[in-house]
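See structure below.
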Amino acid sequence: MSRVSKHNYYLDIAQTVAERGTCLRRLFGAIIVKDDVIVSTGYNGAPRGRKNCSDMNMCMRDKLGIPRGERYEMCRSVHAEANAIIAAARERMLGATLYMVCISPQTGELFSGTTSCMMCKRQIINAGISTVIVRDTKEDYRIINVQDWIEDDDSLSGVFGY
């Protein structure tokens, strides 16, 4: 029996966190890790006290025909990365790694090629997180240096995430 890699260990945990998501389009899970300790977790869902899309069986963005990557202000959910950041102390995020997984709520299959949206990228940058690792398949993942997001400012190019 071979031992799972450290990155896939944390990605497995983020994938389990994603299963708590309440979005009808995509289920995201994120965990923040520093010094080999899980600092916080987050999944996408409505703010505390509000009804989730899964409870209402309705996605406002679907109802309005809004394509993915656009008009996030119409989404009820707080994104997984944002929820993980909200739950963490700033000093524990400085230099930390955020692990993220996206799965289909319909099939339970992994979505490959996802990334953080522009707003979440800004929050990750301001939180002081240094690395984002995104799962593409059960074994494959991408390692993103957050400094690259700072230097390649997508808010100037019109290229959107998710």
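Take each of the peptides 18-29, 137-148, average the number of other beta-carbon atoms within 10 Å over its residues, and list them starting from the highest. Intermediate values should be presented prior to the final figure.
Numbers: 18-29: 21.5, 137-148: 13.0.
The peptides rank, most packed first, as 18-29, 137-148.
Taking 0.36 nm per intervening residue step and subtracting the Cα-Cα distance, what contour gain separates I125 from M1 on full extension? Each step should come with its number before you reach the end.
On the way: separation 124, 0.36 × 124 = 44.64 nm, distance 3.83 nm.
Roughly 40.8 nm would be gained on extension.
For K51, which lysines qualify as cross-link partners when the Cα separation must be under 17 Å and same-chain residues fewer than eight apart are set aside?
K63
From Cα pairs below 8 angstrom and at least 6 apart in sequence, can you work out the relative contact order of the stretch 5-78, rounded to a whole percent? Each step should come with its number before you reach the end.
Values: 102 pairs, mean separation 19.1, N = 74.
So the answer I get is 26 percent.
Across the Cα atoms of the stretch 35-103, what radius of gyration and what greatest pairwise Cα-Cα distance (Dmax) are found, in Å?
Looking at the stretch 35-103, its Cα Rg and Dmax stand at 14.4, 43 Å.
Step through the residues of the stretch 35-50 one at a time and calculate ³J(HN,Hα) from phi using the Karplus curve (6.51 cos²θ - 1.76 cosθ + 1.60, θ = phi - 60°), rounding each to whole Hz and writing x for Gly and Pro.
6, 6, 10, 6, 7, 6, 10, x, 9, 7, x, 4, x, 3, x, 9
Any aspartates and glutamates with Cα under 12 Å of the K34 Cα? List them, leaving off those in the same chain fewer than 8 positions away.
By straight Cα distance, K34 reaches E91.
For K138, list the lysines whose Cα falls under 16 Å from its own Cα; do not include residues on the same chain fewer than 8 positions away.
K6
Compare the Cα positions of G49, M60, H7 along the charge dipole of the stretch 1-99 (+1 at Cβ of Lys, Arg; -1 at Cβ of Asp, Glu; about the Cα centre) and return the one farthest towards the positive end.
Of G49, M60, H7, it is M60.
Just need the relative contact order of the chain here, percent rounded to a whole number, with Cα pairs under 8 Å and 6+ apart.
Details: 324 pairs, mean separation 37.2, N = 162.
Worked out over the chain, it gives 23 percent.
What nm value, rounded to one decimal, do you get for the distance between T16 and A89 when each label is placed 7 Å out toward the C-beta?
About 2.4 nm, to one decimal.
Under a point-charge model restricted to the Cβ atoms of Lys and Arg (+1) and Asp and Glu (-1), what is the dipole moment magnitude of the stretch 39-122 relative to its Cα centre, in debye to the nearest 20? Present the calculation step by step, with values, prior to reporting the outcome.
On the way: 12 positive and 7 negative charges, 56 e Å.
My answer is approximately 280 debye.
Quick one: give the max-minus-min coordinate of the C-alpha atoms of the chain along each principal axis, largest first, in Å.
Principal extents (largest minus smallest coordinate, Cα): 43, 42, 29 Å.
Each reported figure results from applying straightforward, stated rules to the coordinates on display, with no laboratory input. Keep in mind it's a predicted model, so treat the numbers as computed, not measured. For neighbour counting, all protein chains shown are included, and Cβ atoms are generated from backbone atoms with ideal geometry for every residue, glycine included.
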